[in-house]
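Remarks on the structure that follows.
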Ligand code: ASP
């Protein structure tokens with residue numbers, strides 16, 4: 001683009017739709033004493049899209065199918081379904097994997113972690129497309145392991161496959177990109193965009209297996225979309241008490257290997273024998289207890305006798321485990337830690353991160369204290 005006194009070059013292919021802001025005003029261009037024209041060129045925000053799969057990247061056999069579909073759409077094809085956003089941001093995309101989120105493992109989590117950390121310095125926002133089943137786990141993991149600084153990292157999924165009538169994926173993705181590109185999203189850490197709502201990845205939970213309004217967060221939605229405007233209810237804030245871990249690969253390793261931690265589900269007539277079945281295979285155990293930490297007394301006693309950390313979480317969707325409800329050892333220090341507000345699957349990731357750092361019981365307890373457990 002050239003005129004008499006101003007020349008602007010751009011790396012954006014679609015110059016016609018690009019937006020340029022000349023801070024000093026285009027008619028009155030400030031000139032330094034030497035007479036050389038100066039201008040300021042603020043480019044569009046650069047957004048990186050990382051594709052990982054999920055229903056948002058799935059196809060069914062006909063437009064009425066909303067179950068039994070398969071991941072079959074690349075991130076490039078997915079981006080073709082959304083309206084033109086070349087006037088809002090510059091996009092780059094990368095396919096990290098294309099799987100149902102039930103198949104995400106440590107190796108793929110590490111790929112996502114690398115995809116995020118490699119883009120932190122060069123992009124203004126990151127969007128990650130992901131299956132909704134385990135999206136909250138990956139979002140929690142990224143919030144706990146990446147110092148995001150000011151950069152928004154926005155997870156997005158969908159509940160209907162791309163082929164269905166009223167597929168929600170394209171709108172959710174479109175909104176996620178607008179969130180990532182919006183300056184008001186800075187300083188908020190890991191966000192989730194689904195069904196017009198913006199929420200914190202640290203606390204979000206999938207609460208409905210089928211509905212479009214699948215995600216719920218008792219800690220409050222951060223914002224909303226109306227007519228594709230981003231509306232935040234609060235100024236930027238990050239999750240209170242979120243412990244940041246620095247991931248380290250073992251010498252010679254090319255991917256992460258976390259200490260194994262399992263989750264057991266509490267129920268009426270739960271037998272302590274269940275603990276015997278798993279204890280030798282895991283470095284830590286998370287229990288989805290009944291209510292706010294209830295388990296049969298024999299199970300409490302068995303768990304107290306273990307020489308490894310046991311996190312008491314809850315099978316109830318909401319609420320928390322207060323430390324006052326934990327069983328007490330007859331002597332010595334306890335190996336049982338309250339999960340606070342974290343659900344079992346997030347507690348599992350937090351315990352794995354703590355074990356990977358070789359945290360002792362007290363250090364691990366301190367980490368959970370950040371979310372009012374410990
Ligand atoms: N099965 C899907 C997944 O990858 C569910 C979804 O994305 O909504 O998690």
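Within segment 282-322, all pairs of alpha-carbon atoms sorted by distance into 5 Å bins from zero give the percentages 6, 25, 29, 24, 12, 4.
Here segment 46-232 carries DSSP beta bridges of which approximately 40% are antiparallel, counting only pairs with both residues inside. DSSP beta bridges fully contained in the chain are about 35 percent antiparallel. Stokes-Einstein diffusion for the chain at 10 °C, viscosity 1.306 mPa s, with a Kirkwood radius from C-alpha pairs, works out to 70 µm²/s.
Taking each pair of distinct Cα atoms in segment 46-232 once, what is the resulting Kirkwood hydrodynamic radius in Å?
When all Cα pairs of segment 46-232 are included, the Kirkwood radius is 16.0 Å.
Efficiency by 1/(1 + (r/R0)^6): what FRET value for residue 277 and residue 244, r their Cβ-Cβ distance, R0 = 41 Å, to the nearest 0.05? With R0 = 41 Å, the Cβ-Cβ based efficiency is 0.75.
Peptides 356-366, 233-243, 141-151: what's the order by average Cβ count within 10 Å, highest mean first?
Output ranking for 356-366, 233-243, 141-151: 141-151, 356-366, 233-243.
Fully extending the segment from residue 265 to residue 232 would add 8.2 nm, taking 0.36 nm per residue of separation and subtracting the current Cα-Cα distance. Remark: the residue 255-residue 114 segment gains 49.8 nm on full extension, using 0.36 nm per residue and subtracting the alpha carbon distance. Most simply put, segment 261-369 has about 15% antiparallel DSSP beta bridges, counting only bridges with both residues inside it.
Note on segment 238-374: Kirkwood radius taken over Cα pairs, Stokes-Einstein applied at 20 °C and 1.002 mPa s, translational D equal to 142 µm² s⁻¹. For segment 303-374, the Cα gyration tensor yields ellipsoid semi-axes of 17, 15, 10 Å (square root of five times each eigenvalue, largest first, whole Å). Note on residue 106 and residue 72: their simple-model spin labels are 3.4 nm apart, each label 7 Å out from Cα toward Cβ. The angle between the Cα long axis of helix 344-356 and the main principal axis of the chain comes to about 90°, on a 0 to 90 degree scale. Efficiency by 1/(1 + (r/R0)^6): what FRET value for residue 209 and residue 43, r their Cβ-Cβ distance, R0 = 45 Å, to the nearest 0.05? It comes to 0.60.
Packing here is the average count of other Cβ atoms within 10 Å per residue, and on that basis the peptides 163-171, 46-54, highest first, run 46-54, 163-171. Rounded if a/c is under 1.5, else prolate if a/b beats b/c, else oblate: with a ≥ b ≥ c from the C-alpha gyration tensor eigenvalues square-rooted, which is segment 175-277? Oblate, since a/c reaches 1.5 and b/c is not below a/b. Compute the acute angle (0 to 90°) between the alpha-carbon long axis of helix 135-145 and the principal axis of greatest extent of the alpha-carbon atoms of the chain; round to the nearest 10°. Long axis of 135-145 versus the principal axis of the chain: about 80 degrees. Between residue 325 and residue 184, residue separation times 0.36 nm minus the direct Cα-Cα distance comes to 46.7 nm.
Per residue, the Cα convex hull of segment 42-101 amounts to 85 Å³.
Spin-label model, residue 219 to residue 63: label points 7 Å out along the Cα-to-beta-carbon direction sit 4.0 nm apart.
Report note on the peptides 77-83, 298-304, 103-109: ranked by the mean count of other C-beta atoms within 10 Å, highest first, their order is 298-304, 103-109, 77-83.
Report, as a whole number in µm² per second, the diffusion coefficient that Stokes-Einstein gives for segment 90-159 at 4 °C and 1.567 mPa s using the Kirkwood radius over alpha carbon pairs.
104 µm²/s
Per residue of the chain, the DSSP helices (runs of n ≥ 4 H) give a summed -39500 (n - 2.57) that works out to -6500 deg cm²/dmol at 222 nm.
Taking the C-alpha atoms only, the angle from helix 106-119 to the longest principal axis of the chain is near 30 degrees.
Computed from the coordinates by the stated procedures, all read-outs in this text should not be read as laboratory data. If you're wondering where the values come from, they're calculated on a predicted model, not measured in any experiment. So basically every Cβ, Gly included, is an ideal-geometry build from the backbone, and we count neighbours across all protein chains shown.
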